[in-house]
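Chemist: Before anything else, here's the structure in question.
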Amino acid sequence: FFAVAIALAFKNRPVVGVVHAPALGETFVAVEGQGALRQRGGESETLRVSATSELADALIATGFSYNRNEPGCDDNSGRLARVLPLCRDLRRLGSAELDLCYTAAGVYDAYWELYLQPYDVAAGAIIVQEAGGTVTDLSAGDDWLYGGQVLATNGRLHEALRQQVGSA
């Protein structure tokens, strides 16, 4: 999976996001205060995060950094081991932006990843937020854009998953 993402930030906060997945024929768009859309096949649909409220029912996505084998790097395996027995299932696609968009669309209930750059999350994060979801860093703080880590959920699962993935 791959995508092209463009975001516009104002005062270090994304306010416009576009994620285009050419191989899938999908484009996700959000503008602050105007909601989020998925366009495919010439049609648009409004995005809403899922209504899942129990971690045991949740389909969750995560990712693994390219630098996971470097000394001192957190390889995310401890978090994976904690979350996997508690959720319905886990997925790993390989595109942070698409993982965020699928969280916004309710395909996933939540997503987390480490060692990300602003260009990995800026567009997808505003799409999640405009679809009614919550985006923070792993400590439930606001440093997700530049802090290298992101936790995005439908909002209902945020604290329960944050307790499992913990701080970086």
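Chemist: Let me check against my output: what whole-number percent is the relative contact order of region 8-96, with C-alpha pairs under 8 Å and at least 6 apart?
Modeler: 18 percent
Chemist: Below 8 Å, C-alpha to C-alpha, sequence gap of six or more: please give me the relative contact order for the chain in percent.
Modeler: 25 percent
Chemist: Give me the 1.4 Å probe accessible area per residue for the chain, excluding ligands and nucleic acids, in Å².
Modeler: 48 Å²
Chemist: Summarise the accessible area of region 28-168 (1.4 Å probe, protein heavy atoms) by the percent that is carbon and sulfur. Write out the running numbers ahead of the final one.
Modeler: Values: 2810 of 6300 Å².
Answer for region 28-168: carbon and sulfur cover 45 percent of the accessible area.
Chemist: Another one. To the nearest 20 Debye, how big is the dipole of the chain about its Cα centre, given +1 on the beta carbon of each Lys and Arg and -1 on that of each Asp and Glu? Could the numbers behind the result be given before it?
Modeler: Working: 13 positive and 20 negative charges, 21 e Å.
Taking the Cα centre of the chain as origin, the dipole is about 100 debye.
Chemist: Show the residues, 5+ positions off or on another chain, whose built amide H is closer than 5 Å to the amide H of residue 91.
Modeler: 60, 61, 62
Chemist: Go through region 80-91 residue by residue and turn each phi into a ³J(HN,Hα) via Karplus (6.51, -1.76, 1.60, θ = phi - 60°); whole Hz please, and just put x for glycine and proline.
Modeler: 4, 5, 6, 7, 3, x, 9, 10, 5, 5, 10, 10
Chemist: 222 nm [θ] for the chain, helices only, -39500 (n - 2.57) per DSSP H run of 4+, per residue, to 500?
Modeler: My calculation for the chain gives -6500 deg cm²/dmol from helical runs alone.
Chemist: Now for a separate question. Across region 18-27, in residue order, what do the Karplus-derived ³J(HN,Hα) couplings come to in whole Hz, using 6.51 cos²θ - 1.76 cosθ + 1.60 with θ = phi - 60° and x for Gly and Pro?
Modeler: 9, 10, 10, 10, x, 5, 9, x, 10, 10
Chemist: Scanning the chain for trypsin sites (Lys or Arg not before Pro) in DSSP loops with at most 16 other Cβ atoms within 10 Å, what's the longest stretch left with none?
Modeler: Answer from the scan: 93-168.
Chemist: Next question. Under 5 Å between amide H atoms, partner at least 5 residues away or on a different chain: which partners does residue 113 have, H built in plane at 1.01 Å?
Modeler: Under 5 Å from the amide H of residue 113 lie the amide H atoms of 150, each far enough along the sequence or on another chain.
Chemist: Over region 88-140, what is the mean sequence separation of C-alpha contacts under 8 Å (at least six apart), divided by residue count, expressed as relative contact order in percent?
Modeler: Relative contact order here is 37 percent.
Chemist: To continue, here is another question. Give me a comma-separated list of calculated 3J(HN,Hα) values for region 43-60, in order, Karplus coefficients 6.51, -1.76, 1.60 applied at θ = phi - 60°, integers in Hz, x for any Gly or Pro.
Modeler: Ordered by residue, 3J(HN,Hα) equals 10, 10, 9, 6, 8, 9, 5, 5, 9, 4, 10, 10, 4, 5, 9, 8, 9, 10 Hz.
The values are calculated or read from the model by the stated rules, or taken from the named source; none is laboratory data. Only a predicted model underlies this, so the values are computations on that prediction, with no experimental measurement involved. A quick note on method: Cβ atoms are made from the backbone with ideal geometry, for glycine too, and the neighbour counts reach across all protein chains shown. Ligands, DNA and RNA are excluded from the accessible area calculation, which covers all protein heavy atoms including side chains. Shrake-Rupley method; radii C 1.70, N 1.55, O 1.52, S 1.80 Å.
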